[in-house]
Amino acid sequence: MSLGKAVGNKTAPDLQNGPTTAPAVAVLGASAKPERYSYKAVEMLKSQGYRVFPVHPALAEIQGLPVFKRMTDIPGRLDTITVYVSPERSAALRGEFLKIRPRRVIFNPGAENTDLANALQKAGIEVLNACTLVMLTTGQFAPPGPLKPLQACVECIPCFLRQAEEAIGMTGQSAENSQVLLREISGLVSSCSLGANPPLVSQKIQRLIRERTGCKDPYRRMKADLNRKALEMLPELKKRIPAGMPAQEAAVRMAIGGNILDAGAKSGLQLTESLNALARSFTQPLKGDWAGFFARAAKARRILLLADNAGEIVFDRPLIEMLLPEKVTVAVRGRPVINDATMEDARAAGICDLVPVIDNGSDAPGTVLEDCSPAFGDVFANSELVIAKGQGNYETLCAVEKPIFFLFQVKCPVIAAHAGAAMGTLLVWQTRQAEDVNRLEIGKAGGAKHV
């Protein structure tokens, strides 16, 4: 049924009850019998203003709403599919679920399907085993609003101070001078609003350290060691890719797993230990739609990759090569900050030999668009897809309205809660704009009616 096809004297969108901006919900296994829970779900969803799409192969209308024989016949993008069919029936519809890619699938009591749920979660779709009626009654059904930028909280303070102590230690200051500077930084941290973006607080701390110590790049020696170590490890790491693992998945895992060198350098990991730690990225939990990421990248003509740390940038090379270098531009920090990659690190890692590399003009340990250069801003704005590496880029860009895929390892409990992922997870996280484009492209390729 097309958007404009008439049903009686109304068009299909009119009969879906809610306004066109309301979330769209498909009720799989909707019933025309008032005593059935699926009937009550349609009734309650209508009463709360959702756009409701009943799905049943043999019915024509339920509660005045047109019924769709297949989920793929539903026009527009679905926010939620609530399931009231048996596990055997939903298993047969796995292809439809993956083609549609709703934000969320709810398996109501008796409809739970573990195998399908695992497949959906692997594709980056939220899955719940819950009762739709209870969720609607208790106010838990409503989808989240626009994602808010990540804000500093009390839990961030020890991290700020640890980071400061580490940076000061690398400048060769005396114990007395270090204590004086740490007290000044403590005052700076206490004066910052807890609602501030964490990388902006870190930027102020690192600027103060450079100003007081006269050291322009406290981490320079560490970064050089990280780059050297990573270049030695990359060929060996490639040999450890598990047999049968898709090359694209392996490239994503290596790009994210390279972040282990950040912690490794600080804990004094030796080469063999670091290699073993990196190899574990092939078996660690990977959450998110890495296949959808590559499908989106294949359609993009201009891709901007925002690098994260020195050393780690070496492990971006297999990913860049797989994305086709002629489409990719890599961006690094404009000036040294912590162990984030700069142009010097991009050259050492061989990235400048692969693709164009630009700097963002900023010394924030993230991508604060307002602090970046106009030249970088133009490249960012004109890129059809942005790939943002590391937690700092997630912290600064997660609420930006642009197709962005974030690739990082979750190492902070605050970020874990914000992104909805467990500590230690390798995460492929996408903005809603990236999800929207993905669904549209998948719909075109597979014949689903997405707009």
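The values are calculated or read from the model by the stated rules, or taken from the named source; none is laboratory data. Since we're looking at a predicted model, the values are computed, not measured. Neighbour counts are summed over all protein chains in view; Cβ atoms, including those assigned to glycine, are modelled from backbone coordinates with ideal geometry.
If a residue must be without any contact (Cβ under 8 Å) to a residue 12 or more places away in the chain and within 22 Å of G214 (Cβ to Cβ), how many such residues does the stretch 157-171 contain? Residues in the stretch 157-171 being without any contact (Cβ under 8 Å) to a residue 12 or more places away in the chain and within 22 Å of G214 (Cβ to Cβ): 1 in total. Of the residues contained in the stretch 380-397, none is found to be in contact with a Ser or Thr (Cβ under 7 Å, 6 or more places away or on another chain), assigned to a loop (DSSP other than H, G, I, E, B) and in the same structural domain as R253 (by TED's automatic domain parsing). For the stretch 372-411, the set of residues classified as more than 15 Å from the chain's Cα centre (by Cα) and closer than 17 Å to D308 by Cβ consists of C372, F376, F380, listed by residue number.
Of T138, T213, all but one fail to be touching a residue at least 40 places away in the same chain (Cβ under 8 Å) and over 26 Å from P413 (Cβ atoms); the exception is T213.
Of the residues that sit in the stretch 281-295 and are part of a loop (DSSP other than H, G, I, E, B) and either of a type in the set (F, W, Y) or touching a residue at least 60 places away in the same chain (Cβ under 8 Å) (or both), which one is surrounded by the fewest Cβ atoms within 10 Å (Cβ to Cβ)? Per the criteria, the residue is P285.
Considering the conditions (1) more than 26 Å from the chain's Cα centre (by Cα); (2) in the same structural domain as S90 (by TED's automatic domain parsing); (3) surrounded by 15 or more Cβ atoms within 10 Å (Cβ to Cβ); (4) hydrophobic (A, V, I, L, M, F, W, C), I185 is excluded by exactly one of them, (2).
A quick yes/no check of all residues on (1) among the aliphatic types (A, V, I, L, M); (2) within 23 Å of V252 (Cβ to Cβ):
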site	(1), (2)
A298	yes, yes
A310	yes, yes
G350	no, yes
L369	yes, no
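If only residues of the stretch 188-202 that are surrounded by 11 or more Cβ atoms within 10 Å (Cβ to Cβ) and without any contact (Cβ under 8 Å) to a residue 40 or more places away in the chain are counted, the one that is nearest to E395 (Cα to Cα) is V189.
What are the residues in the stretch 78-121 that are without any contact (Cβ under 8 Å) to a residue 60 or more places away in the chain, among the charged types (D, E, K, R) and either surrounded by fewer than 16 Cβ atoms within 10 Å (Cβ to Cβ) or outside any helix (DSSP H, G or I) (or both), if any?
Once the filter is applied, which keeps residues that are without any contact (Cβ under 8 Å) to a residue 60 or more places away in the chain, among the charged types (D, E, K, R) and either surrounded by fewer than 16 Cβ atoms within 10 Å (Cβ to Cβ) or outside any helix (DSSP H, G or I) (or both), the stretch 78-121 yields E88, R94, R104, E112, D115.
Scanning the stretch 361-371 for residues that are touching a strand residue (DSSP E or B) at 6+ places or on another chain (Cβ under 6 Å) and in a helix (DSSP H, G or I) turns up nothing.
Kindly evaluate G268 against the criterion of being modelled with pLDDT of 95 or more, surrounded by fewer than 20 Cβ atoms within 10 Å (Cβ to Cβ) and at positive phi.
Taking the combined requirement at face value, the residue does not satisfy it.
Suppose we filter the stretch 398-428 for residues that are in a loop (DSSP other than H, G, I, E, B) and either over 21 Å from Q121 (Cβ atoms) or not polar (S, T, N, Q) (or both); how many remain?
The number of residues fulfilling the criteria is 14.
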